[in-house]
Amino acid sequence: MAIEILATGRYLPERRVTNDELAKTVDTNDEWIRSHTGIGSRHIAAPEQATSDLAYAAALNALESFAPGKAAETALTLDLIVVATGTPDYYGFPSVACLVQDRLGAVNAGAFDVSAACTGFVYALDAAAGMLGIGNRKRALVIGADLLTKITNWEDRGTCVLFGDAAGAALVERTDAPVTGEAKRGLIQSVLRAQGSGAQELKCDRGGTRNPYKDGETVDKATHIYMNGRAVYTFAVKAFTEVMQELLDREGITMDQVKKIIPHQANERIVQAAAKRFGLPEDKFFMNIEKYANTSAATIPVALDEYARTGELQRGDLIMTVGFGGGLTYGGNLIVW
């Protein structure tokens, strides 16, 4: 029994904001942003758009890619919808997955969200794979979607330049393909890790039950992201290399056998540092951070969809995902396409 990716999809909001445009309202410039992050632009959702809107659009894109003109019929075959997000439409519930399930008309599907920040898609893919292995479940839609720009402090130039909005989706299915030997297919390894001792280094401090808003309180600023950039950078480089090595060791392979690494697109410098530690050329990693910035749980599925549509990814190719995020969480997947 294999868990194979049948199709992928993505959605980016219409509005694209370049570094030069951002520099008109924030004390920064294109050269500084590019040299420190590799980012050139980002897409920002419209005021009326919420995370479920982006997730739904990416889901439709994936379903249409799988069966053009038959998205509604394919939605009826879904047994499960899993959405990875840190920016849900509503506090606590309903889940984004339930909102997407309703809009798709996926009346036969269970639906829930995964909260693992930027590692969310890695976690969600593994969770869906495990659940498809039980009972008669066969097909799932796994989505990573975030609107980080709505929880960004636009007066903090150290963080506001980093983020964008997006959603990516993957249609996965339990098949009869082998999971061992040369003909193996699908998700073959996952590494899921957490380092909760670093929880305070990347967080949204207000609005939860630890530090709730109070009735009658006057709030000058909404909940926004706080990040200790130096601590997160150090953690991220270590997390990347640990996950990459563990995936190789578990499967008993070398990096030469991996065609492409699809990393979380947080900062180009992090990927460069990880590549240097592994002795890898930078083009071993598929990067699109220059166009989209850090879209949290959406970065990996968006990059996966973009790479798949280049035509370079062929059946039987071995690829690796690797990510890190608030929590702190980190992990990765090995996938035979």
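Table for the structure above
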read-out: Near pairs, Cβ below 9 angstrom, 6+ apart or cross-chain, from segment 159-185 (free of Cβ contacts under 8 Å to residues at least 12 places away in the same chain) to any residue that is assigned to a strand (DSSP E or B) and surrounded by fewer than 23 Cβ atoms within 10 Å (Cβ to Cβ); value: T180/I188
read-out: Residues (touching a Leu at 6+ places or on another chain (Cβ under 9 Å) and part of a strand (DSSP E or B)) located in segment 178-192; value: L187, I188, Q189, S190, V191
read-out: Single match in E290, E306, E246 (criterion: in contact with a strand residue (DSSP E or B) (Cβ under 9 Å, 6 or more places away or on another chain) and over 28 Å from G158 (Cβ atoms)); value: E246
read-out: Residue selected from segment 287-321 under the condition touching a residue at least 24 places away in the same chain (Cβ under 8 Å) and of a type in the set (V, I, T), by the criterion farthest from S190 (Cα to Cα); value: I289
read-out: Condition check for E217: among the acidic types (D, E) and surrounded by 12 or more Cβ atoms within 10 Å (Cβ to Cβ); value: no
read-out: Yes/no for N333 being surrounded by fewer than 24 Cβ atoms within 10 Å (Cβ to Cβ), touching a residue at least 40 places away in the same chain (Cβ under 8 Å) and closer than 17 Å to T241 by Cα; value: no
read-out: Test: residue in segment 33-52 that is surrounded by 18 or more Cβ atoms within 10 Å (Cβ to Cβ), within 17 Å of the chain's Cα centre (by Cα) and in a helix (DSSP H, G or I); value: yes
read-out: Strands (runs of 3 or more DSSP E) contained in segment 54-172 and holding at least 2 residues more than 26 Å from R309 (Cα to Cα); value: 110-114
read-out: Unique residue being of a type in the set (A, V, I, L, M, F, W, C), over 22 Å from the mean Cα position of the chain (by Cα) and more than 23 Å from D305 (Cα to Cα) when the list is I253, I225; value: I253
read-out: Residue that is in contact (Cβ under 8 Å) with a residue 60 or more places away in the chain and either under 19 Å from R277 (Cβ atoms) or of a type in the set (A, V, I, L, M, F, W, C) (or both), where the choices are V237, V219, V243; value: V243
read-out: Any hit, segment 200-210, residues being under 30 Å from A274 (Cα atoms) and in a helix (DSSP H, G or I); value: yes
read-out: Any hit, segment 268-286, residues being loosely packed, with under 15 Cβ neighbours inside 10 Å and either under 18 Å from the mean Cα position of the chain (by Cα) or touching a residue at least 60 places away in the same chain (Cβ under 8 Å) (or both); value: no
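For (1) under 23 Å from L318 (Cβ atoms); (2) buried (at least 18 other Cβ atoms within 10 Å of the Cβ), each residue gets a yes or a no:
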position	(1), (2)
T175	yes, no
A183	yes, no
L202	no, yes
N211	no, no
A222	no, no
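For every residue, the table says whether it meets (1) among the charged types (D, E, K, R); (2) surrounded by fewer than 24 Cβ atoms within 10 Å (Cβ to Cβ); (3) closer than 30 Å to A293 by Cα.
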| position | (1), (2), (3) |
| --- | --- |
| G105 | no, yes, no |
| V122 | no, no, yes |
| L141 | no, no, yes |
| G144 | no, no, yes |
| T152 | no, yes, yes |
| E155 | yes, yes, yes |
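The numbers here are math on the coordinates, done by the rules we state, and not lab data. On a predicted model such as this, the values are computed, not experimentally measured, just so you know. All Cβ positions, even for glycine, are placed from backbone atoms using ideal geometry, and neighbour counts span all protein chains on display.
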